[in-house]
Number of protein chains: 2
Amino acid sequence: MTASATEARPLTPAARRVLDVAGQLFYTRGINTVGMELLAEEAGVTKKTIYDRFGSKQDLVVAYLRARDERWQDCLDRHVAVAGTPRARVLATFDALYAWMDGENPRGCAMVNAYAELSDPDHPGREVAVGQKLRLRALLADLVEQAGAAAPGRLAEALAMLHEGAVVACSVLGDTDATRTARDAAETLMGAHGIAAEAPSQV
Amino acid sequence: MTASATEARPLTPAARRVLDVAGQLFYTRGINTVGMELLAEEAGVTKKTIYDRFGSKQDLVVAYLRARDERWQDCLDRHVAVAGTPRARVLATFDALYAWMDGENPRGCAMVNAYAELSDPDHPGREVAVGQKLRLRALLADLVEQAGAAAPGRLAEALAMLHEGAVVACSVLGDTDATRTARDAAETLMGAHGIAAEAPSQV
DNA sequence: AGCGGCGTATACCGGTTGGTATAGTCACCG
DNA sequence: CGGTGACTATACCAACCGGTATACGCCGCT
């Protein structure tokens with residue numbers, strides 16, 4: 001038995017190293033172009049160890065995506081938590097994105113990239129990617145509903161698109177203002193949906 | 001000499017077949033996972049022929065991206081041309097996207113995917129991708145400026161992000177309404193920038 | 001004292017990668 | 001008639017791929 005996918009046991013030191021290296025190499029060079037041999041070498045570990053801990057490359061890829069997703073989620077939660085009103089929380093998701101892009105995300109969304117690289121529709125890594133997208137949408141829909149939006153689903157979807165677009169603009173085009181632009185647009189969209197800046201007592 | 005990158009001579013029948021097959025396989029299965037052997041077999045052609053016509057895999061990838069970019073541009077031009085006002089033309093770009101997604105783009109933006117797969121920063125395919133993104137932004141900026149937007153650059157950038165986000169939503173999440181949602185959001189954004197539906201005589 | 005989990009080292013497997021070499025066929029064209 | 005461009009067929013190359021096998025060392029736990 002080679003460590004089932006869904007358990008979260010503490011990870012051995014060598015496994016940690018492998019996962020860290022995978023997090024860097026898979027992201028920066030692409031999943032398909034990074035071989036297990038290189039991974040092992042870079043982590044100071046033998047291939048045997050990798051296969052003992054993770055089972056297969058496919059499973060390691062899933063672990064990599066899960067770990068990255070978790071880090072992004074932490075970043076998101078941290079920024080959303082400090083904001084007060086639902087409206088401010090929505091805008092905080094763009095601040096989280098800004099922080100995320102500035103350092104951890106120079107090569108675009110890892111989930112979208114993985115989706116592109118893993119052409120097999122049955123690859124378990126795919127549902128990690130769609131899970132992340134759905135979670136953001138659910139969060140946004142929840143927030144704008146709290147803020148009193150008329151059609152929370154549609155607005156949340158549009159806001160999520162701004163997120164996605166900002167990532168592409170920032171990584172592919174190097175537009176460092178992208179998240180700012182997206183945030184401004186989000187403010188505009190919310191305003192048009194009846195979510196105003198201040199003075200909520202405007203019945 | 002193996003056919004320089006920028007010339008556009010008619011393409012031999014075999015080369016056409018290769019480029020068509022590459023257009024399908026590279027997009028649906030990913031660039032790195034499709035080998036020249038498979039490509040040759042599928043096109044009913046020898047590897048020798050491919051290398052005689054295209055020089056290298058890298059060059060073939062560039063040709064593939066160029067051809068796809070051109071097809072999208074045609075789709076875009078077609079939809080924009082029939083629209084009247086600048087505002088309608090902006091919205092027409094989303095109609096173009098809808099038509100494009102419905103049939104030619106089930107696996108997301110080929111340019112973004114290629115950007116993810118080609119990790120080498122010097123790969124010539126990359127500038128094809130950024131070129132496409134810049135061209136859309138230039139078009140949008142031009143249109144919203146004609147429509148009298150206050151800050152054409154920022155608005156165009158936000159609209160482009162909606163494009164990008166719609167593609168991801170549609171391909172990864174299977175949201176068939178994505179382009180519609182993006183179009184509606186675009187209308188809202190333009191409205192907030194002083195580009196109204198009708199009655200332009202509103203000095 | 002002993003055992004099992006963790007790790008190293010090395011070698012190997014069949015298959016595939018991008019790319020090249022050699023030899024030959026066919027059709028068109030001056 | 002001869003030449004040339006387009007193409008096929010086959011074989012080959014070194015390098016790398018994911019994955020497995022064998023054998024051994026270390027350390028903490030009971």
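The values are calculated or read from the model by the stated rules, or taken from the named source; none is laboratory data. For clarity, every value in this text was computed on a predicted model and none was experimentally measured. Counting neighbours? That spans all protein chains shown, and the Cβs are built from the backbone with ideal geometry, glycine included. Accessible surface areas use protein heavy atoms only, side chains included; no ligands, DNA or RNA. Shrake-Rupley method; radii C 1.70, N 1.55, O 1.52, S 1.80 Å.
The Cα atoms of the range A:92-169 give a gyration tensor whose axes a ≥ b ≥ c have a/c of 1.5 or more with a/b no greater than b/c, which makes the shape oblate. The residues of the range B:16-56 occluded by other protein chains by 20 Å² or more of accessible area, set against the chain on its own, are B:R29, B:N32, B:T33; surface from heavy atoms, 1.4 Å probe.
Over all other residues within a Cβ to Cβ distance under 11 Å of B:A81, the charged ones net out to 0, with Lys and Arg as +1 and Asp and Glu as -1.
Summing charges over all other residues whose Cβ lies under 11 Å from the Cβ of B:S119, with Lys and Arg as +1 and Asp and Glu as -1, gives -1. Assuming a ≥ b ≥ c are the square roots of the Cα gyration tensor eigenvalues, decide whether the protein assembly as shown counts as rounded (a/c under 1.5), prolate (otherwise, with a/b larger than b/c) or oblate. Taking the square roots of the gyration eigenvalues as a ≥ b ≥ c, the protein assembly as shown is oblate. According to the square roots a ≥ b ≥ c of the eigenvalues of the Cα gyration tensor, what is the shape class of the range B:1-107, taking rounded for a/c under 1.5, prolate for a/b larger than b/c otherwise, and oblate for the remainder? Cα axes put the range B:1-107 in the prolate bin.
Rolling a 1.4 angstrom probe over the protein heavy atoms with all chains in place gives the protein assembly as shown an accessible area of 46 Å² per residue.
With the highest mean first, a sort of the peptides B:116-127, B:185-196 on other beta-carbon atoms found within 10 angstrom per residue produces B:185-196, B:116-127.
A Förster radius of 45 Å, combined with the Cβ-Cβ distance separating A:D52 from A:A88, puts the computed FRET efficiency at roughly 0.40.
Sorted shortest first, the separations between the B:Y51 label point and its copies elsewhere in the assembly read 3.2 nm; each point sits 7 Å from Cα along the Cα-to-Cβ line. For the peptide A:189-197, the mean number of other protein chain Cβ atoms found within 10 angstrom of a residue's Cβ is 2.
With θ taken as phi - 60° and the Karplus curve 6.51 cos²θ - 1.76 cosθ + 1.60 applied, the whole-hertz 3J(HN,Hα) list for the range A:31-44 is 5, 6, 8, 9, x, 5, 4, 4, 4, 4, 4, 5, 8, x Hz, x standing for glycine and proline. Can you give the angle from 0 to 90° between the axis of helix A:178-192 and the longest principal axis of chain A, with both taken from C-alpha atoms, to the nearest 10? Tilt relative to chain A: about 40 degrees. Cross-link partners for B:K47 among the lysines, with Cα-Cα distance under 29 Å and sequence neighbours closer than 8 places in the same chain left out: B:K57. When both the range A:18-64 and the range A:138-157 are represented by their alpha-carbon centers, they are found 39 Å apart. Relative to the longest principal axis of the Cα atoms of chain A, the long axis of helix A:86-104 makes an angle of roughly 40 degrees. Helix content alone sets the calculated 222 nm mean residue ellipticity of chain B: runs of n ≥ 4 DSSP H residues at -39500 (n - 2.57) each, divided across all residues, give -23500 deg cm²/dmol. Between B:E104 and A:A197, the distance separating the two model label sites (each 7 Å from Cα on the Cα→Cβ line) works out to 4.2 nm.
Across the identical copies, the label point of B:D102 (7 Å from Cα in the Cβ direction) is separated from its matches by 4.2 nm, in order from shortest.
Here chain B has 52 percent of its accessible surface on carbon and sulfur atoms, given a 1.4 Å probe and all protein chains in place. Taking Cβ atoms as reference points and 11 Å as the exclusive limit, the residues near A:R66 contribute a net charge of -2, counting Lys and Arg as +1 and Asp and Glu as -1.
Karplus-based coupling profile of the range B:74-84, in residue order and whole Hz: 4, 4, 4, 4, 4, 6, 5, 4, 7, 7, x, with θ = phi - 60° in 6.51 cos²θ - 1.76 cosθ + 1.60 and x standing for Gly or Pro. Mean partner shielding of peptide A:169-178, defined as the number of other chain Cβ atoms within 10 Å of each residue Cβ, is 4.
Can you list the distances in nanometres, one decimal and ascending, from the B:P124 label point to the identical position in each other copy, with the point 7 Å along Cα to Cβ? Listed shortest first, these distances are 4.2 nm.
Using only the alpha-carbon atoms, how far is helix A:125-146 inclined from the longest principal axis of chain A? Give it as 0 to 90 degrees, nearest 10. Once rounded, one gets 20 degrees. Using θ = phi - 60° in the Karplus curve 6.51 cos²θ - 1.76 cosθ + 1.60, the 3J(HN,Hα) couplings for the range B:60-68 round to 5, 4, 4, 4, 4, 5, 4, 5, 5 Hz; x is entered for Gly and Pro.
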